Amino acid sequence: MATNDFIVRRARSTDAADVAELSGILGYPVDHETMQRRLERFGGREEHVVFVAEISGKIVGWIHGVEHEFLVAGRIGEICGLVVAEGERTSGVGRRLVEALEQWARGRGLDQVSVRSNVVRTESHPFYEKVGYVRLKTQHTYRKRLDSQST
């Protein structure tokens with residue numbers, strides 16, 4: 001697939017089914033209705049952006065970015081998720097999605113974008129390095145589920 005055979009645009013809530021399907025490939029299964037609600041919510045928040053790559057009406061990739069502001073680091077952009085359909089990898093879709101997110105970040109006055117990539121996603125690491133990202137550190141991620149009974 002040549003890179004000019006697809007378009008990159010902002011996601012719409014009507015893209016929810018395809019975006020949800022691709023999320024499952026990434027390891028985060030979600031139903032269409034939940035994804036539609038998320039896309040609608042993100043569409044109304046200027047610090048979030050979701051771009052999709054589309055070929056003949058079919059979504060073949062997406063990227064979600066967010067602007068964070070940290071006390072110690074200031075404002076930075078972050079790639080929260082990036083997935084490209086199996087048959088479209090190495091076609092330029094991922095690169096163009098990253099470029100779209102970087103352009104969005106520049107437009108918001110941000111001077112850096114970061115991405116976290118799970119150590120088991122070994123196929124992703126060379127991609128990020130190829131598009132200019134530099135590995136800064138290895139870290140552990142901790143999570144605590146909060147139940148409604150917590151105070």
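Each value in this text was obtained by applying a stated rule to the coordinates, not by laboratory testing. The model shown is predicted, which means the values in this text are computed figures rather than measured ones. Please note: Cβ atoms are built from the backbone with ideal geometry, for glycine as well, and neighbour counts cover all protein chains shown.
Considering only region 4-30, how many residues are exposed (fewer than 12 other Cβ atoms within 10 Å of the Cβ) and more than 14 Å from the chain's Cα centre (by Cα)?
Qualifying residue count for the region: 4.
Is it fair to say Tyr142 is surrounded by 11 or more Cβ atoms within 10 Å (Cβ to Cβ), among the aromatic types (Phe, Trp, Tyr) and out of contact with any helix residue (DSSP H, G or I) (no Cβ under 6 Å at 6 or more places or on another chain)?
no
Exactly one of (1) closer than 17 Å to Val134 by Cβ; (2) in contact with a Cys (Cβ under 9 Å, 6 or more places away or on another chain); (3) among the aliphatic types (A, V, I, L, M) is unmet by Ile63. Its number?
Result: Ile63 fails condition (1) only.
Within the bounds of region 82-93, is there any residue that is over 20 Å from Arg10 (Cα atoms) and in contact with a His (Cβ under 9 Å, 6 or more places away or on another chain)?
No - not one qualifying residue is present in region 82-93.
Please return the ranges of strands (runs of 3 or more DSSP E) entirely within region 1-120 where 2 or more residues are under 24 Å from Thr141 (Cβ atoms), touching a Gly at 6+ places or on another chain (Cβ under 6 Å) and touching a residue at least 12 places away in the same chain (Cβ under 8 Å).
Those strands (runs of 3 or more DSSP E) span 58-70, 74-84.
Might you check whether a residue that is of a type in the set (S, T, N, Q), touching a helix residue (DSSP H, G or I) at 6+ places or on another chain (Cβ under 9 Å) and crowded, with 16+ Cβ neighbours inside 10 Å occurs anywhere in region 81-93?
Yes, the conditions are met somewhere in region 81-93.
Please specify each residue of region 66-92 satisfying the condition of being over 13 Å from Tyr128 (Cα atoms) and β-branched (Val, Ile, Thr).
Those that are over 13 Å from Tyr128 (Cα atoms) and β-branched (Val, Ile, Thr): Val66, Val72, Ile76, Val84.
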